[in-house]
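The values are calculated or read from the model by the stated rules, or taken from the named source; none is laboratory data. Remember, it's a predicted structure, so these values are computed and weren't measured experimentally. Here the Cβ positions follow ideal geometry from the backbone for every residue, glycine too, while neighbour counts run over all protein chains shown. The accessibility values were calculated without ligands, DNA or RNA, using every heavy atom of the protein model including side chains. Shrake-Rupley method; radii C 1.70, N 1.55, O 1.52, S 1.80 Å.
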Amino acid sequence: MELGAVLEAVEGRGSSEAVERVLAGYNEEKLCEGILNILEKDTKTSCQVACLEALRILSRDKKVLVPVTTKRNMQILMRLAKLDTAEDPLERVSEFPVIVEALKCLCNIIFNSAVAQKLSLELNLAAMLCNLLEKCKDQQFVGDIKCFDLRLLFLLSLLHTDIRSQLRQELQGVQVLTQALESSLSVRWTEEYKAAEDRDRPPLSLQETDCAIEALKALFNVTLDSWNVHSENESHQFRYMAAILRHCLLTMGPTEDKTEELHSNAINLLSNVPVSCLDVLIKPSAQEETDIKYNGMNMGAIQILLDFMEKRIDKGSSYREGLTPVLSLLTECCRTHRNIRKFIKAQVLPPLRDVSNRPEVGTTVRNKLVRLMTHVDLGVKQIAAEFLFVLCKERVDSLLKYTGYGNAAGLLAARGLLAGGRGDHWYSDDEDTDTEEYKSAKPNINLITGHLEEPMPNPMDEMTEEQKEYEAMKLVNMFDKLSRVNMHQIIGLIVWAHTSQNGRDELIKPMGVRPDGTMAPLEEAVSQYHTNKQDSSDSD
């Protein structure tokens, strides 16, 4: 802010509050400029730390940042953060507090200033940060430096797409960040893609957990749109990453909240890993490794994912951000890997025995997921329904057995499967076996609600002969009306309420089901059945 503008504001007729704001802003800008002038000179370490702490607080205000965000000032902070020297190692421990505070200032400035984000690309900041990470290898007392280096890489890859591309393609960002994650978790390898499992290992420290979380967040940005693996080297890199993420899921943080945050970010990153590389999550298990096995495979990480999913469901809020990533991940794992699907189905959709309650009533994981199938958030209910559908090998009859037609109608209508059938994906031919309890109850199960209903009393038992004759004639008349519009040829009829485009009144429009299982206006559905019938007659 120029001095002339300040004087004009002070001498004008503005309110005292406005004058106070102008002066405060001017003072803060001048303070920032004064601090940066001091930092440009060689001063004592304690003075540098004090100046940087003050600048860090001031840099939270976007208005203060505008005039001081220049190339010169960015270079001052980069020099203090040891980002301008490629060769010098991190040896002087006394300088570490200055490096940490300078990195914190850069984090604030880049987060709050679009100008700083553009300057970061011009100054090649991402490459210098990767170089600083390399310097932190095998060094003591550099945890904070590493943590804020990773946070700055996360912010740059989040806020500037060109820097994200630079990290991925030029700077080998995936490899550098994966190694940083591996170091934070202290991974020890027993064989390729398999980390040592130590049940007595203590939880990670707060600093180790924070470093791991920042590395996970940065890797998530850098690996966006990486579903297609085009080379053997890329496949190896993602399998290596997935093995580290498996170890991460089996690792505890210092607190329950930190553990959940660590696992949440690991799950987000696993969603970016090509599904063909996720087989390392269930490597063959030795006898003494774990009690959670299926078909000789170690299912410890999959069990963590299931427990995490149920915990997020029980929270009852923020389903789109907190629940859909893990549900999407589990869905893709089940669709591609048979052992994972069978292990999860055994826990989520065990063989039915008691069908006295509706599928959405109860406290089991199945009950909770079925409730989500009718959630108000479209994305949540779609992924919940998709997950259950994949567990049922995309067979409509199997899905309806566990959910009821009413809960599954949305998914089936969207996929054109209201008339039955199965999805497009191929699954193994192993058959589900029904329990004796389910077989005996099956004839009396209401297909719409999916549960066993008490037999309804016969309304004709208490009717006189005249009343029965009257009701019979009403039924004859109804059948006569139906036959005139050929309604008996329609598989199902759904009444669809919609608002007319002219916005006048709400109309009720009868809908029918086409031969291919999709919805259509009643007249169109009837005509298609007529056409199909004529075609079949001609062929005969």
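Summary of computed values
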{"read-out": "Residue within the stretch 310-317 that is among the hydroxyl-bearing types (Ser, Thr, Tyr) and either touching a residue at least 24 places away in the same chain (Cβ under 8 Å) or open to solvent by less than 30 Å² (accessible area, probe 1.4 Å) (or both) present", "value": "no"}
{"read-out": "Only listed residue being under 21 Å from GLN48 (Cβ atoms), open to solvent by 10 Å² or more (accessible area, probe 1.4 Å), among the aliphatic types (A, V, I, L, M) and part of a helix (DSSP H, G or I), chosen from MET128, MET74", "value": "MET128"}
{"read-out": "Matching entry among LEU80, LEU52 (being at pLDDT 90 or above, touching a Lys or Arg at 6+ places or on another chain (Cβ under 8 Å) and more than 13 Å from ALA116 (Cβ to Cβ))", "value": "LEU52"}
{"read-out": "In the stretch 58-75, the residues that are within 19 Å of VAL100 (Cβ to Cβ) and modelled with pLDDT under 90", "value": "LEU58, SER59, ARG60"}
{"read-out": "Meets criteria (acidic (Asp, Glu), crowded, with 20+ Cβ neighbours inside 10 Å and in a helix (DSSP H, G or I)) for GLU101", "value": "yes"}
{"read-out": "Qualifying residue in the stretch 297-306 (condition: at pLDDT 95 or above, within 15 Å of the chain's Cα centre (by Cα) and either hydroxyl-bearing (Ser, Thr, Tyr) or part of a helix (DSSP H, G or I) (or both))", "value": "yes"}
{"read-out": "Unmet requirement for SER231, which otherwise passes all of (1) surrounded by 14 or more Cβ atoms within 10 Å (Cβ to Cβ); (2) under 25 Å from ARG335 (Cα atoms)", "value": "(1)"}
{"read-out": "Every residue from the stretch 196-207 that is open to solvent by less than 70 Å² (accessible area, probe 1.4 Å) and either free of Cβ contacts under 8 Å to residues at least 40 places away in the same chain or within 25 Å of the chain's Cα centre (by Cα) (or both)", "value": "ALA196, LEU204"}
{"read-out": "Residue pairs meeting the criteria (Cβ under 6 Å; at least 6 apart or on separate chains; first closer than 21 Å to ILE448 by Cα and in contact (Cβ under 8 Å) with a residue 40 or more places away in the chain, in the stretch 341-365; second of a type in the set (Val, Ile, Thr) and crowded, with 20+ Cβ neighbours inside 10 Å)", "value": "PRO359/VAL370; PRO359/THR403; GLU360/VAL370; VAL365/VAL348"}
{"read-out": "Test: residue in the stretch 243-257 that is surrounded by fewer than 19 Cβ atoms within 10 Å (Cβ to Cβ) and within 23 Å of ALA127 (Cα to Cα)", "value": "no"}
{"read-out": "Any helices (runs of 4 or more DSSP H) falling wholly within the stretch 427-540 and containing at least 3 residues that are touching a strand residue (DSSP E or B) at 6+ places or on another chain (Cβ under 9 Å) and either modelled with pLDDT of 75 or more or of a type in the set (Phe, Trp, Tyr) (or both)", "value": "522-539"}
{"read-out": "ARG371 being open to solvent by 40 Å² or more (accessible area, probe 1.4 Å), touching a strand residue (DSSP E or B) at 6+ places or on another chain (Cβ under 8 Å) and at pLDDT 90 or above", "value": "no"}
{"read-out": "Test: residue in the stretch 162-174 that is within 30 Å of VAL115 (Cβ to Cβ) and within 19 Å of the chain's Cα centre (by Cα)", "value": "no"}
